[in-house]
Amino acid sequence: MEEHRTKRRPYGESAWPPREQEGLPPSARLYGAPAAPSGIRVPLWAQRLAIVLGSVAAGITVVALVVSTVVSRVNAPDTTRLTVTDGLAGVTYFMPPGWRAGAVPPVTGFTSAAVYGGAAIVMTRPGDSVAVSGPRAATLSLTELYARLLLHGDTVDVVDDRPVETGGYTGHSRALRAGYSDVVNRPAYLRVTVLTKEGGDKASVVIVGMVQPDDPRRRAEIDGVLALLK
């Protein structure tokens, strides 16, 4: 009778590799048998495309947020406009955005000033009584004086001459435009306004605005100062 013998495993009685891994390649024995798929397998290129699209979407969101913030700041109402109060002349006026109060008016006799860089200025001072001559005659006389002092133009044209009413004042305003034959000096704009307080003792205030080089936007800002005078 043939002797029945049990074949001894080379790793002892603790079977290695386990029976369920017998017949698998060495890599499978080391890392385990491959797991059954749990669902539809997504190709690698599709995974990468999803990551790229996600990044682009996030970038668009950030850009949209930045643009929205900038636009809201640009369109936000301006709350930083300051006023200049001239106690000697008895007037207060708003400075347009970007303007600042001048520490010392550059023309003798003026008691306050607002400037826009080196391109535009508005100055005020107390005026003399205009009870006899009237505001228009006083305005014409002062316009001629300041044109000689400040413009020195080769040509000087009148571009506006009209009565004005603002902030409880009545008066007259006259504007000139000076041109120069040389290539260095660019055209300049000068507005002189004389106002008197309604119902008062006819004491007046003189307002002089000047722009060089002449610029429609700066002209409009000077007119805005007159409109908001109080």
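The values are calculated or read from the model by the stated rules, or taken from the named source; none is laboratory data. Here the structure is a predicted model, which means the values were calculated and not measured. Positions of Cβ are generated from backbone atoms using ideal geometry, with glycine treated the same way; all protein chains shown enter the neighbour counts.
What the table below lists for this structure:
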{"item": "Filter pass, residue 194 being in the same structural domain as residue 100 (by TED's automatic domain parsing), over 22 Å from residue 91 (Cβ atoms) and in a strand (DSSP E or B)", "result": "no"}
{"item": "Matching residues in the range 139-167 - criterion: being in contact (Cβ under 8 Å) with a residue 24 or more places away in the chain and more than 19 Å from residue 222 (Cβ to Cβ)", "result": "152, 154, 155"}
{"item": "Residue within the range 192-203 that is of a type in the set (Gly, Ala, Ser) and touching a Pro at 6+ places or on another chain (Cβ under 8 Å) present", "result": "yes"}
{"item": "Single match in 188, 178 (criterion: under 20 Å from residue 105 (Cα atoms) and assigned by TED's automatic domain parsing to the domain that holds residue 125)", "result": "188"}
{"item": "Sole residue being outside any loop (DSSP other than H, G, I, E, B), of a type in the set (Phe, Trp, Tyr) and surrounded by fewer than 21 Cβ atoms within 10 Å (Cβ to Cβ), chosen from 93, 146", "result": "146"}
{"item": "Single condition residue 157 does not satisfy, out of (1) exposed (fewer than 12 other Cβ atoms within 10 Å of the Cβ); (2) in contact with a strand residue (DSSP E or B) (Cβ under 6 Å, 6 or more places away or on another chain); (3) assigned to a loop (DSSP other than H, G, I, E, B)", "result": "(3)"}
{"item": "Flag for residue 199 being within 15 Å of residue 91 (Cα to Cα), more than 31 Å from the chain's Cα centre (by Cα), surrounded by fewer than 16 Cβ atoms within 10 Å (Cβ to Cβ) and modelled with pLDDT under 95", "result": "no"}
